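Notes for the one structure printed next.
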Amino acid sequence: MMMLLLSLLKPLQAEEKYTELKQGEPAPFAGILLTKEAIAKIYADQELEIAKLKLDHSVELEKSMLSNKVKYELLDSKYKLNEKMYKEMISNRDNAIKSLPVYSQSYKSDWSMIGGFVLGSVITVGIVYSLNNLGGQ
């Protein structure tokens, strides 16, 4: 990508000029004169800066990944604990419901319900009958 960008900008740059000079020779053009050691130092400094930036980036990336991993594990633990708690609550509720006397189907409870219904109906009919007879006098 960088090479493509540089190749596109190449026509916009001035023509590169360089020549090997020996000490005491005049330069054939105006510009900056660097020794091979200076060029090597500039190149090494740039490579060092690139390596440092890559290292800093990898450290930040690793920190971010570790932070996200810790957050994920915390949420996963909360989820599993909540799931276990709710399953226990449902189990306890079901056991409590099963132990209620209403749900224990037996012969005695059926006849008690039928007898209560009949007795309530008879009392209601008796009250209505007596109110009609007393209210008419």
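The values are calculated or read from the model by the stated rules, or taken from the named source; none is laboratory data. Just so you know, these numbers come straight off a predicted model, no measurement behind them. Here Cβ is always computed from backbone atoms with ideal geometry, including for glycine, and neighbour counts include all displayed protein chains. Only protein heavy atoms, including side chains, enter the accessible area calculation; ligands, DNA and RNA are left aside. Shrake-Rupley method; radii C 1.70, N 1.55, O 1.52, S 1.80 Å.
Observations
- Theoretical gain in end-to-end length, residue 32 to residue 54 [0.36 nm per residue, Cα-Cα removed]: 4.9 nm
- With a cut-off of 15 Å between beta carbons, the residues surrounding residue 42 carry a summed charge of -2, where Lys and Arg count +1 and Asp and Glu -1.
- The modelled label-to-label distance between residue 132 and residue 74, using points 7 Å beyond Cα along the C-beta direction, is 7.5 nm.
- Ligands, DNA and RNA are left out, and with a 1.4 angstrom probe the accessible area of region 43-103 is 97 Å² per residue.
- Over the Cα atoms of region 19-96, the radius of gyration divided by the Kirkwood radius equals 1.69; this is the Rg/Rh ratio.
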